[in-house]
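Enquirer: If you scroll down you'll find the structure; I have some questions about it.
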Amino acid sequence: MLKPSHIFDREREWRGLTSFIAREQPNAALGVVSGRRRQGKSFLLQAAADATGGLYFGATEATEAESLRIFADALVRRTRQPVDYPFRDWNDAIAYLFRQFTGKPVPVVIDEFPFLARASPSLPSIIQRELGPGGSGQSSSVRLLLCGSAMSVMGRLLAGQAPLRGRAGLELVVQPFPYRDAAEFWGITDPRLALLVHMVVGGTPAYRKEFVGSDTPADLADFDAWVVRTVLNLESPLFREARYLLAEESDIRDPALYHSVLAAIASGNTTNGGIASFIGRRSDQIAHPLNVLEDCALISKQTDLFRAGKSLYRIREPLITFYGAIMRRSWAELERNRGQAVWEATKPAFLKQVAGPHFESVCRDFAADAEPELFGDLPAEVGSATVNDPAARTRIEIDVAILAAEDSDAPRRVLSLGEAKWGETIGHGHLRRLERARDLLAAKGYDTRGTVLACYGAAGFTRELQEDKRGDVLLIGPEQLYAR
């Protein structure tokens, strides 16, 4: 199937869907598609269903009886045949669905599946039974695609002892656009401007057209005004979006606590102890909220590459970071439509708490996608790290550390150590810090022969550093980050 021209990018996702739908097998197949809201899942699945003559059913928050009636109506419109009898429950509906389609593979999309599962907890077990031996799915050509935005719910569908574990032939997570694709989607060609916009809205497709009406900053000089007229604008859908992202997750029952945890991370408190101290709780009291936020794909837990016992938490949705660092403390003023004044007062916080950490994250994404030639081998692990310097009684922060794949017969190779600065010109002082970290790692038994010392600078590099022609030094600016 050719991907419709109105769908931007999503080549990998489209290949996965079409391969699953066209799969040759004599019985029904199950696929699970998930992703946070506004990533284009429904858009993609509707296009796939339309291209193949399939059925798309979007569930709503309703009782089981009402959902069954709506589902029956959708079946009638697709098959143009009346349902033989009203469905008493999902046992009737799923069995009837599988019996209706034989021969040519037909995709059947059930979108917002968590709404149905919440009203009918036995639905996953019913689907599992009908897909199994003796079930109606054994002679069916249905390619059943269950889709949902509640990440914690969708994640449990195929996990542990869940009924559908081992039944799915497709598990597709629709992610936000990577930073390069996001710039192309927004039509931004200036790399520095693209980075600034990505720091606010990330790669969520819906934010461009549905939320800001395709309002894109004209140039760097227009960025501040764009922030004020979009995300800080009381009348813009983006204004309350960060709050809604949290409210949409059914596993979050104490929003105030979770907002505080996110605000702590947005403020630069990325360790368990730092977060607990910020919100006034003990470390053991925030373990559950952190796990829930991780299951909801709102935060990620990342291990220090050189200190296995140390973990850092980072927010995955840039808009939530922006809300926590800029909007949350000034909410009363923003509701009085004083976005311009708030932005002028919080611009330093944006540069420190949003721009700097986000630039580091983009640099890590760049490193993870790098070709083997850039760092001497294929990156196996990319992350941040710290290196203890006993002589100076300090720690050296490594913003972008890259390790090669493990080899049981040899020391772990360090492909690159990197420093990333958004608003600071990088010079030989930064380079010497990387050199010191490399020497300390070599003393600890790491293989640092050929380690590339990478300087990622959004504000540029000193002339002396640019004239340094050493082969182990790599200078990467915004233009290199966005080069295909």
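Enquirer: Looking at L164, L144, L131, which one is touching a residue at least 12 places away in the same chain (Cβ under 8 Å) and within 28 Å of L246 (Cβ to Cβ)? Explain how you work it out, then say what you get.
Expert: Working: L144 fails: within 28 Å of L246 (Cβ to Cβ); L131 fails: within 28 Å of L246 (Cβ to Cβ).
Answer to the selection: L164.
Enquirer: Only one of these is surrounded by 15 or more Cβ atoms within 10 Å (Cβ to Cβ), under 19 Å from the mean Cα position of the chain (by Cα), among the small types (G, A, S) and not assigned by TED's automatic domain parsing to the domain that holds E294: G54, G31, G35. Name it. Before the answer, list the steps.
Expert: Values: G54 fails: under 19 Å from the mean Cα position of the chain (by Cα); G31 fails: under 19 Å from the mean Cα position of the chain (by Cα).
Only one candidate passes the filter, namely G35.
Enquirer: For region 316-365, enumerate the residues that are out of contact with any Leu (no Cβ under 7 Å at 6 or more places or on another chain), assigned to a helix (DSSP H, G or I), of a type outside the set (S, T, Y) and farther than 21 Å from A458 by Cβ.
Expert: Scanning region 316-365 gives R328, R329, W331, A332, E333, Q340, A341, E344, A345.
Enquirer: Further question: Does region 193-215 include one or more residues that are among the hydroxyl-bearing types (S, T, Y), farther than 19 Å from S361 by Cβ and either in the same structural domain as G324 (by TED's automatic domain parsing) or surrounded by fewer than 22 Cβ atoms within 10 Å (Cβ to Cβ) (or both)?
Expert: Within region 193-215, the subset among the hydroxyl-bearing types (S, T, Y) is 204, 207, 214.
Filter once more, so that each one left must be farther than 19 Å from S361 by Cβ: 214.
Those still in the list that are either in the same structural domain as G324 (by TED's automatic domain parsing) or surrounded by fewer than 22 Cβ atoms within 10 Å (Cβ to Cβ) (or both) too: 214.
Yes, the conditions are met somewhere in region 193-215.
Enquirer: Sort out which residues of region 22-39 are touching a helix residue (DSSP H, G or I) at 6+ places or on another chain (Cβ under 7 Å) and assigned to a loop (DSSP other than H, G, I, E, B), and write them in order of number.
Expert: Listed by number, the residues that qualify are N27, A28, G35, R36, R38.
Enquirer: Can I ask one more? List the residue pairs whose Cβ atoms are under 6 Å apart, where the first residue sits in region 102-123 and is over 25 Å from S19 (Cβ atoms), the second is assigned to a helix (DSSP H, G or I) and hydroxyl-bearing (S, T, Y), and the two are 6 or more positions apart or on different chains.
Expert: Taking only residues 6 or more apart or on different chains, the pairs are L116/S67.
Enquirer: Sort out which residues of region 189-210 are in contact with a Lys or Arg (Cβ under 8 Å, 6 or more places away or on another chain) and assigned to a helix (DSSP H, G or I), and write them in order of number. Break it down into steps so the answer makes sense when it comes.
Expert: Residues of region 189-210 in contact with a Lys or Arg (Cβ under 8 Å, 6 or more places away or on another chain): 201, 204-207, 210.
Those that are in contact with a Lys or Arg (Cβ under 8 Å, 6 or more places away or on another chain) and assigned to a helix (DSSP H, G or I): V201, A206, Y207, E210.
Enquirer: Just give me the residues in region 284-314 being free of Cβ contacts under 8 Å to residues at least 40 places away in the same chain, charged (D, E, K, R) and under 23 Å from A380 (Cβ atoms), in sequence order.
Expert: Matches in region 284-314: E294, K301.
Enquirer: A follow-up question, please. Tell me, which strands (runs of 3 or more DSSP E) wholly within region 76-175 include 3 or more residues that are farther than 20 Å from T60 by Cα? Working first, answer last.
Expert: Values: elements: 106-111, 142-148, 168-173.
Once the strands (runs of 3 or more DSSP E) in region 76-175 are filtered for at least 3 residues that are farther than 20 Å from T60 by Cα, what remains is 168-173.
Enquirer: How many residues does region 176-188 hold that are under 19 Å from the mean Cα position of the chain (by Cα), crowded, with 19+ Cβ neighbours inside 10 Å and in a loop (DSSP other than H, G, I, E, B)?
Expert: Here is the first cut: in region 176-188, the ones under 19 Å from the mean Cα position of the chain (by Cα) are 176-186.
From the residues that got through so far, the ones that are crowded, with 19+ Cβ neighbours inside 10 Å too are 176-177, 179-180, 182-183, 186.
If we keep only those that are in a loop (DSSP other than H, G, I, E, B) too, we end up with 176-177.
Going through region 176-188 one residue at a time, the tally reaches 2.
Enquirer: Follow-up question, since we're still on this one. Go through region 305-339 and give me each residue that's buried (at least 21 other Cβ atoms within 10 Å of the Cβ) and either of a type in the set (D, E, K, R) or in contact with a Cys (Cβ under 7 Å, 6 or more places away or on another chain) (or both).
Expert: Result: E317, single match.
Enquirer: Looking only at region 374-388, count every residue that is outside any strand (DSSP E or B) and either under 17 Å from the mean Cα position of the chain (by Cα) or assigned by TED's automatic domain parsing to the domain that holds Q302 (or both) and tell me the total.
Expert: Our first condition is that a residue be outside any strand (DSSP E or B); within region 374-388, this holds for 374-380.
Imposing the further condition that a residue be either under 17 Å from the mean Cα position of the chain (by Cα) or assigned by TED's automatic domain parsing to the domain that holds Q302 (or both) reduces the set to none.
Summing the residues that are outside any strand (DSSP E or B) and either under 17 Å from the mean Cα position of the chain (by Cα) or assigned by TED's automatic domain parsing to the domain that holds Q302 (or both) in region 374-388 gives 0.
Enquirer: Provide a single number: the residues in region 77-124 that are modelled with pLDDT under 95 and among the β-branched types (V, I, T).
Expert: 3
Enquirer: Hey, K3 hits all of (1) closer than 22 Å to R156 by Cβ; (2) crowded, with 18+ Cβ neighbours inside 10 Å but one; which does it fall short on?
Expert: Status for K3: all satisfied but (1).
The values are calculated or read from the model by the stated rules, or taken from the named source; none is laboratory data. Note that the coordinates shown come from a computational prediction; the quantities given were computed from them, not determined experimentally. Counting neighbours? That spans all protein chains shown, and the Cβs are built from the backbone with ideal geometry, glycine included.
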